[in-house]
Amino acid sequence: MNAPKPTSGEMKSVRWPAPAPNTLGFGATRLSGTLQNLGQWGRVLLTKPRTPVPPPSPTVITLAIVTVAATVDCMILSDTVASAWARGLPRGFTSIFDVITDFGLSGWFLFPFGFILLLLAAVMSPSLTRMTQGVLAALAVRFGFLFLAIGVPGLFVTVIKRLIGRARPYVDNPDDPFTYMPFAWRPEYASMPSGHATTAAAAAIAIGAIWPKTRAVMWLYALIIMASRVIVLAHHPSDVLAGALVGAIGALLVRRWFCARRLGFAIVEGRVVALPGPSLKRMTQAARLALAGCGRS
């Protein structure tokens, strides 16, 4: 499938002024161009919305209400039982999840997505063909969405969980999961919401929005990460549900922000859908031309 013509919102991110004479060294010139491109992409994100986005569907609203109710129910009825169950698991079993749970760290997504964004900003140049600029701009929109959809909810949770100050199961009285130390800013009192669950749910929503065929795998990944947080006694089940809710809502809000500016998403029959991205052939051609352009700079 051929890549569609980049939207005007995407093309704004690759419109540069005429290049000035190069009075800087290669490294300084490349750094200056990278920062300029990143700044232009940021300004595109802050433009006024171009498309009204419909309100969340009744299904999404219902799922959010059910998740909130389940979180409260877990705090009252299930958290103590789940922590006692996790404490009784064989050490050999929990040691497996000690390894698995680390794959819920946001760095597994933010570092590669951030690196790709920096690379795209570094190779962008007004000397490239319009097709190449359009392909690179389309990729920057999509990886920018992924970075923000995962990073923004994660940043929110990093702050709010330390303000709430709920004790983690491994420091809590097994019979009292309601131990809190608000504003403590200590990792052992940063249980609710779960940051790993936030990242996993946000990644499942964001990556599934760009590549729908990955949704089943991404949600399986998210569920395993969420379960691991309870098994290793890092979180109560209610912490995990709260984190998943924040991650999902955060990613959906970022998607709405991009869609309102017609960046990577559009409204089709009242639904937010991903715009088709560049084909593999065009991405390969654009990468070759961009790298060749860097070599001539």
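Bear in mind that the values in this text are calculations on the coordinates, not laboratory data. These figures come from a predicted structure and were not determined experimentally. Every residue, glycine as well, gets a Cβ built from its backbone with ideal geometry; the counts of neighbours run over all protein chains shown.
Of note:
- Neighbourhood charge, 14 Å Cβ-Cβ cut-off, centred on PRO193 and excluding it, Lys, Arg +1 and Asp, Glu -1: +3
- Relative contact order of segment 46-296, defined on C-alpha pairs under 8 angstrom at six or more residues apart (%): 29
- Where labels lie 7 Å past Cα in the beta-carbon direction, separation of SER127 and THR94 in nm: 6.0
- Dipole magnitude of the chain, debye to nearest 20 (Cβ charges: Lys/Arg +1, Asp/Glu -1, about Cα centre): 1680
- This ranking places LEU163, LEU63 by how few other beta-carbon atoms lie within 10 Å of each, fewest first, which gives LEU163, LEU63.
- A full extension of the chain between LEU280 and THR59 corresponds to an added length of 76.1 nm, given 0.36 nm per residue minus the alpha carbon distance.
- According to the Cα-based calculation, Rg over Rh for the chain is 1.05, with Rh computed by the Kirkwood formula.
- When segment 46-296 is described by a simple charge dipole with +1 on each Lys and Arg Cβ and -1 on each Asp and Glu Cβ, the residue from PRO90, PHE147, MET218 located farthest towards its positive end is PHE147.
- Projecting the Cα positions of VAL66, PRO177, GLY250 onto the charge dipole of segment 46-296 (unit charges on Cβ atoms of Lys, Arg, Asp and Glu, taken about the Cα centre) puts GLY250 furthest along the positive direction.
- Pairwise label distance in nanometres, THR179 with VAL217, each label 7 Å out on the Cα-Cβ vector: 4.1
- Ascending count of other beta-carbon atoms within 10 Å, so fewest first, for ARG43, ARG261, ARG162: ARG43, ARG162, ARG261
- Listing VAL53, VAL273 from fewest to most neighbouring C-beta atoms within 10 Å gives VAL273, VAL53.
- Magnitude of the charge dipole, segment 120-266, Cβ model with Lys/Arg +1 and Asp/Glu -1, debye to 20: 760
- Note on the chain: dipole from Cβ charges, positive end direction compared against VAL157, PHE109, PHE265; the farthest Cα belongs to PHE265.
- Net +/- balance of residues flanking ILE225 in space, Cβ distance below 14 Å, scoring K and R +1, D and E -1: -2
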